[in-house]
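> This is the structure I have questions about; it appears just below.
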Amino acid sequence: MANPQADDAVLTAIGERALEFVRDGCIVGLGTGRAAAAFVRALGRQVQHGLRVTAVPTSESTAAAARDLGIQMVTLDETEQIDVTVDGADEVDPHLDLIKGYGGALVREKIVAAASKLEVILVGSEKLVAVLGQRGKLPVEVLSFAAGFCASRLAALGCRPQLRRDGDRPFVSDGGNYILDCGVDPITEPGKLEDSIRSIPGVVGTGLFLGMAQVVLVGNKDGTVRELRKQGEAA
């Protein structure tokens with residue numbers, strides 16, 4: 001049985017540890033989801049103690065939380081490059097490839113990650129998987145106009161798409177798009193699957209984040225934090 005208090009303690013620990021990657025004056029990408037929210041709270045406390053940063057949020061919910069904490073924000077158009085982005089993930093494999101998007105912000109998260117010098121991912125140990133797809137879901141963001149068409153093409157690829165809903169209506173991302181949650185088996189060739197899905201007209205982006213994370217901070221139930229780095233990355 002899940003223990004929300006224990007989970008919150010794990011997220012708090014990794015959120016605070018991620019502050020090690022933030023320097024005074026830097027531009028920080030802020031992810032979306034529970035782990036990213038823990039980092040935003042930790043960052044806000046440092047800002048209130050005099051840390052100077054500028055942030056690029058990946059969702060409206062993150063922007064609202066950061067604004068309440070006094071974190072100065074800019075849009076991606078207002079900065080040339082982000083120094084470090086801190087975000088969560090839904091799966092992390094041994095190569096530090098990811099599945100993201102359960103929170104619904106995958107396309108904005110991927111754009112901000114691509115604009116960043118360093119991508120730091122925060123997860124609990126339960127998010128580590130031997131092979132991507134192990135948890136059985138891959139989000140795909142699509143144009144609302146093309147949702148049915150994309151669903152049929154995804155089914156032809158062996159995915160099992162279901163339109164994400166928000167009550168009795170389709171879930172709509174901050175970009176105005178729909179999300180198809182694809183039932184998947186363990187993905188043996190994620191790069192090939194990414195290319196196949198992205199070739200479907202109407203697909204805006206997938207939850208496969210391949211080769212984007214350099215550092216993963218893993219929170220353990222005992223309160224310790226383990227740091228994983230991509231092979232060849234300096235500590």
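The values are calculated or read from the model by the stated rules, or taken from the named source; none is laboratory data. The model shown is predicted, which means the values in this text are computed figures rather than measured ones. A quick note on method: Cβ atoms are made from the backbone with ideal geometry, for glycine too, and the neighbour counts reach across all protein chains shown.
> When the residues of region 200-233 are narrowed to those that are polar (S, T, N, Q) and in contact with a helix residue (DSSP H, G or I) (Cβ under 9 Å, 6 or more places away or on another chain), which ends up modelled with the highest pLDDT?
Thr206
> Would you tally the residues in region 183-235 being of a type in the set (Lys, Arg) and outside any strand (DSSP E or B)?
4
> What is the number of the single condition among (1) buried (at least 17 other Cβ atoms within 10 Å of the Cβ); (2) part of a helix (DSSP H, G or I); (3) free of Cβ contacts under 8 Å to residues at least 40 places away in the same chain; (4) not hydroxyl-bearing (Ser, Thr, Tyr) that Ala38 does not meet?
Failed condition: (3).
> Another question, if that's okay. Applying the selection to region 42-101, what residues are part of a loop (DSSP other than H, G, I, E, B), over 16 Å from Cys26 (Cα atoms) and either modelled with pLDDT under 95 or polar (S, T, N, Q) (or both)?
Answer for region 42-101, where residues must be part of a loop (DSSP other than H, G, I, E, B), over 16 Å from Cys26 (Cα atoms) and either modelled with pLDDT under 95 or polar (S, T, N, Q) (or both): Thr58, Ser59.
> Name the residue, out of Leu122, Leu180, Leu154, that is touching a Cys at 6+ places or on another chain (Cβ under 8 Å), buried (at least 20 other Cβ atoms within 10 Å of the Cβ) and assigned to a strand (DSSP E or B).
Just one listed residue meets the conditions, Leu180.
> Still on this structure, please answer the following. Identify, by number, the condition in (1) touching a residue at least 12 places away in the same chain (Cβ under 8 Å); (2) under 20 Å from the mean Cα position of the chain (by Cα) that Cys159 doesn't meet.
Here Cys159 clears every test but (2).
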